[in-house]
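For reference, the structure is listed below as structure tokens.
Bear in mind that the values in this text are calculations on the coordinates, not laboratory data. What you see is a predicted model, and the numbers here were worked out from it, not measured in a lab.
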Amino acid sequence: MFPTDTKILIVDDMLTMRKLVRKSLQGIGFTNITEASDGEAGWNELQSSLKASIPYALVISDWNMPKMTGIDFLRKVRGDALTKTLPFILLTAEFDRDQVVEAIKAGLSAYITKPFSMAILSEKLQSVWAHVTASTNQSK
């Protein structure tokens with residue numbers, strides 16, 4: 001599992017959903033959580049954190065947002081050399097098979113459908129962490 005001090009960015013245009021995700025993460029034990037209101041704000045937050053040399057270690061983003069959708073945000077993250085391996089989870093009410101395939105092809109780490117439980121979130125976080133540690137061990 002990710003360390004509890006992992007720097008996490010929650011991106012969702014609905015304040016209520018951001019608070020729900022934050023509360024769920026805090027319930028699991030996470031303490032270093034920031035929120036952004038859409039993909040554009042999320043991208044700006046990622047860039048600011050990189051400039052300050054305190055990068056995020058995980059993004060949890062909604063799919064449907066104004067200014068920049070979650071899938072566009074994911075593509076932007078994957079297209080940047082500094083963020084291309086950043087674990088990225090899409091949390092969305094959308095569950096269209098074609099969209100899931102599109103997200104996987106774009107480099108998604110995990111997909112969670114709304115509504116979600118803390119158990120599902122924890123399970124996905126464990127799965128993504130296992131992938132991150134396996135990738136790290138392979139590159140050594």
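Can you tell me how much longer the chain between Ala81 and Lys51 gets when fully stretched, taken as 0.36 nm per residue apart minus their C-alpha distance, in nm with one decimal?
Gain in length upon complete extension: 9.4 nm.
From the Cα gyration tensor of the stretch 19-107, with a ≥ b ≥ c the square roots of its eigenvalues, which class applies: rounded if a/c is under 1.5, or else prolate if a/b is larger than b/c, or else oblate?
Judged from the Cα gyration tensor, the stretch 19-107 comes out oblate (a/c at least 1.5, b/c at or above a/b).
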